[in-house]
Amino acid sequence: MKQQVIIIGAGASGLTAAIQAARQGASVTVLEHTSKPGKKLLSTGNGKCNLTNLTTPEGAYRGSQSWFIKRVLENITVEQTLEFFRDLGLVLTDRNGYVYPNSGQAASVLEALLFELDHLGVSIITDCQVQEIKKDLSLVTSKGKKQADALILAAGSMAAPKTGSDGSGYELAKALGHHIIKPLPALVQLKCREKWYKQAAGVRTEASVTLKIDGKTEAADRGELQFTDYGISGIPVFQVSRFAARGLDAGHKVTAELDLLPSMDFNSARQLLSERAKRLDYRPAEEFLNGVLNHKLARILLREAGIGSAGIVKDIAPAQIKKLAAVLKGLKTEILAANSFDQAQVCSGGIDTREVDPDTMESKLISGLYLAGEILDADGICGGYNLQWAWSCGILAGTCAGRGTSCGHPVTPDKGKRDLSGKHGQKRRMPFEHTVMQKKQGQE
Ligand SMILES: Cc1cc2nc3c(=O)[nH]c(=O)nc-3n(C[C@H](O)[C@H](O)[C@H](O)COP(=O)(O)OP(=O)(O)OC[C@H]3O[C@@H](n4cnc5c(N)ncnc54)[C@H](O)[C@@H]3O)c2cc1C
């Protein structure tokens, strides 16, 4: 009798898990509570799907157990993931390390997965809400009861709930005894206190954003900063936003310093302003930063430095020039809140990874239950890292669940390695399995 694998969630991790489980010879069913599979995947990378990244900088992934995240990503690497997608017929393109389908369409990634699932005979049942999972891996769903030999919970987080990830996966895991690190929005805009944001709305400028929790630097990033009528947005804000959300949730004071001349140090900025003051001394004071920064922003910065709109540049005192340089190099703002899950691209927090085996993705609490993707306490920065996490978890969970052997608990970071060489009766060989096998043999 074939191993019966049921997967909850037809997102990035659930669909890759389904392919892998079916390739091991299992009979696979995916249950999805929306009307279509892969809704979130279609919206990734502005519809172009930044599916992974060729470099993984320090701090690209965040979560309570960083060793766990690292271990999963070592088990299924970026290169193995690229081979997985090439094998599905996707031609990939590398834009400075950011990897996209050459078609420029997220839809082609989803279609490649769906074609393969169809080819492997995987059944996807849509409009099927999973309401309860029992410890014997039986399920109560809106379309009746089901029984699995292995179950993969890949129901996503609470981010962008319109795409189907409404947080119900956390409740299912919680009912089975799993602990949830409070999910909070990440890769999201930040709301700020100052009134001047209304005037700055719409301005985009290169900047560094340094986030401080109770005055201590927690994270920093540089890129195109966007001002909105309520606060700050753009990639550098997204990258630090999870720390802001978590800091605020813990009751700390969260502030940010915006360096609006990030390519020069404070002394160079001050010198630049001093020279302008001499050369352009005839101009109206309110036009002093004309050509340096966006006009709307310039007015706000002059005001913050105490330079009034009346008078000419000649009237600006050297102390005010110094103050203006300080404002340009570190405009202070107080963060009041992160935007909601509706606007967030991902969540920080999720299922406590101490309760999951990083070599199989099997739960340490419930034998035969596997957990994959964003539902876990792991989040990445922008740039393809979150999808890579979903693919790595999905491939690993699907491979192990499809084989139907128990992984044995508990495992420690240095124990419990499993052979992923694909010898156990799978229908076809994964293109990357040689690599995995060699790596494992080399380690043993
Ligand atoms: C606008 C946007 C753009 C993004 N762009 C990128 C990008 O370019 N690169 C990148 O790396 N990451 C990107 N991300 C993040 C990335 O999309 C996610 O991290 C990833 O899709 C998570 O995959 P997942 O399978 O874990 O969850 P999901 O893709 O959310 O899939 C979970 C599935 O489970 C279903 N489900 C939930 N509960 C139940 C239930 N009880 N019963 C049945 N089904 C259920 C949901 O409907 C959903 O289909 C982006 C996210 C957003 C919102």
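The values are calculated or read from the model by the stated rules, or taken from the named source; none is laboratory data. In this text, all values refer to a predicted model and were calculated from it rather than measured experimentally. Don't worry about glycine lacking a Cβ; one is built from the backbone with ideal geometry, like all the others, and counts go over all protein chains shown. The protein model used for the area step is the full one, side chains on, heavy atoms only, and it has no ligands, DNA or RNA in it. Shrake-Rupley method; radii C 1.70, N 1.55, O 1.52, S 1.80 Å.
Within the stretch 147-168, can you find the residues that are near the ligand (Cβ under 7 Å from one of its atoms) and within 21 Å of N339 (Cα to Cα)? G156, S157, A159, A160, T163, G164, S165, D166, S168, listed by residue number. Taking into account only those residues within the stretch 169-201 that are in a helix (DSSP H, G or I) and without any contact (Cβ under 8 Å) to a residue 40 or more places away in the chain, which is farthest from the ligand (Cβ to nearest atom)? Only one residue tops the list, namely K198.
Does G38 count as within 12 Å of T399 (Cα to Cα) and either away from the ligand (no atom under 15 Å from the Cβ) or at pLDDT 95 or above (or both)? Can you show your working first?
Values: within 12 Å of T399 (Cα to Cα): no; either away from the ligand (no atom under 15 Å from the Cβ) or at pLDDT 95 or above (or both): yes.
Against the criterion (within 12 Å of T399 (Cα to Cα) and either away from the ligand (no atom under 15 Å from the Cβ) or at pLDDT 95 or above (or both)), G38 does not qualify.
Condition test on S241, is it part of a loop (DSSP other than H, G, I, E, B), touching a residue at least 60 places away in the same chain (Cβ under 8 Å) and open to solvent by less than 10 Å² (accessible area, probe 1.4 Å)? In short, no. How about the stretch 152-179: which of its residues are open to solvent by 50 Å² or more (accessible area, probe 1.4 Å) and of a type in the set (A, V, I, L, M, F, W, C)? Those that are open to solvent by 50 Å² or more (accessible area, probe 1.4 Å) and of a type in the set (A, V, I, L, M, F, W, C): M158, A175.
Checked against (1) in a helix (DSSP H, G or I); (2) touching a helix residue (DSSP H, G or I) at 6+ places or on another chain (Cβ under 8 Å), N46 passes all but condition (2).
Here's the yes/no breakdown for (1) of a type outside the set (D, E, K, R); (2) closer than 30 Å to E132 by Cβ; (3) away from the ligand (no atom under 13 Å from the Cβ):
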| position | (1), (2), (3) |
| --- | --- |
| V28 | yes, yes, yes |
| L42 | yes, yes, no |
| G45 | yes, no, no |
| D94 | no, no, yes |
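Given the condition among the aromatic types (F, W, Y) and open to solvent by less than 20 Å² (accessible area, probe 1.4 Å), answer yes or no: does some residue in the stretch 54-77 qualify? Step through it out loud before you land on a result.
Just the residues of the stretch 54-77 that are among the aromatic types (F, W, Y), to begin with: 61, 67-68.
From the residues that got through so far, the ones that are open to solvent by less than 20 Å² (accessible area, probe 1.4 Å) too are 68.
The answer is yes; a qualifying residue exists.
Inspect all residues belonging to the stretch 293-300 and state whether any of them is surrounded by 17 or more Cβ atoms within 10 Å (Cβ to Cβ) and among the basic types (K, R). Yes, that holds for at least one residue.
Test L273 against the stated conditions and say whether it is touching a strand residue (DSSP E or B) at 6+ places or on another chain (Cβ under 8 Å), open to solvent by less than 50 Å² (accessible area, probe 1.4 Å), in a helix (DSSP H, G or I) and of a type in the set (A, V, I, L, M, F, W, C). So L273 does not fit the description; no.
Within the stretch 252-266, residues that are at pLDDT 95 or above reach partners that are assigned to a loop (DSSP other than H, G, I, E, B) with beta carbons closer than 7 Å, at six or more positions or on different chains, in the pairs H252/D214; K253/D214; E257/G330; D259/G330. Of the residues making up the stretch 31-43, those that are hydroxyl-bearing (S, T, Y) and either open to solvent by 30 Å² or more (accessible area, probe 1.4 Å) or in a helix (DSSP H, G or I) (or both) number 2. Quick one: which of G156, G177 is touching a helix residue (DSSP H, G or I) at 6+ places or on another chain (Cβ under 7 Å) and of a type outside the set (S, T, N, Q)? Within the list G156, G177, the selection yields G156. So the check is Cβ under 6 Å with 6+ separation or different chains; which pairs have a first residue in the stretch 140-154 that's over 15 Å from V5 (Cα atoms) and part of a loop (DSSP other than H, G, I, E, B) and a second one that's open to solvent by 50 Å² or more (accessible area, probe 1.4 Å) and modelled with pLDDT of 95 or more? Pairs found: S142/Q129.
Can you tell me which residues in the stretch 358-380 are touching a strand residue (DSSP E or B) at 6+ places or on another chain (Cβ under 8 Å) and surrounded by fewer than 24 Cβ atoms within 10 Å (Cβ to Cβ)?
Residues satisfying the conditions are S363, K364, G368.
Only one entry in D118, D166 is within 28 Å of R242 (Cβ to Cβ) and either assigned to a helix (DSSP H, G or I) or under 25 Å from the mean Cα position of the chain (by Cα) (or both), namely D166.
Between K182, K191, the distinction of being open to solvent by 60 Å² or more (accessible area, probe 1.4 Å) and either touching a Leu at 6+ places or on another chain (Cβ under 8 Å) or small (G, A, S) (or both) belongs to K191 only.
Does T16 satisfy the condition of being closer than 16 Å to S392 by Cα, more than 11 Å from the ligand (Cβ to nearest atom), among the polar types (S, T, N, Q) and not in a strand (DSSP E or B)? First the steps, then the outcome.
Working: closer than 16 Å to S392 by Cα: yes; more than 11 Å from the ligand (Cβ to nearest atom): no; among the polar types (S, T, N, Q): yes; not in a strand (DSSP E or B): yes.
The answer is no for T16.
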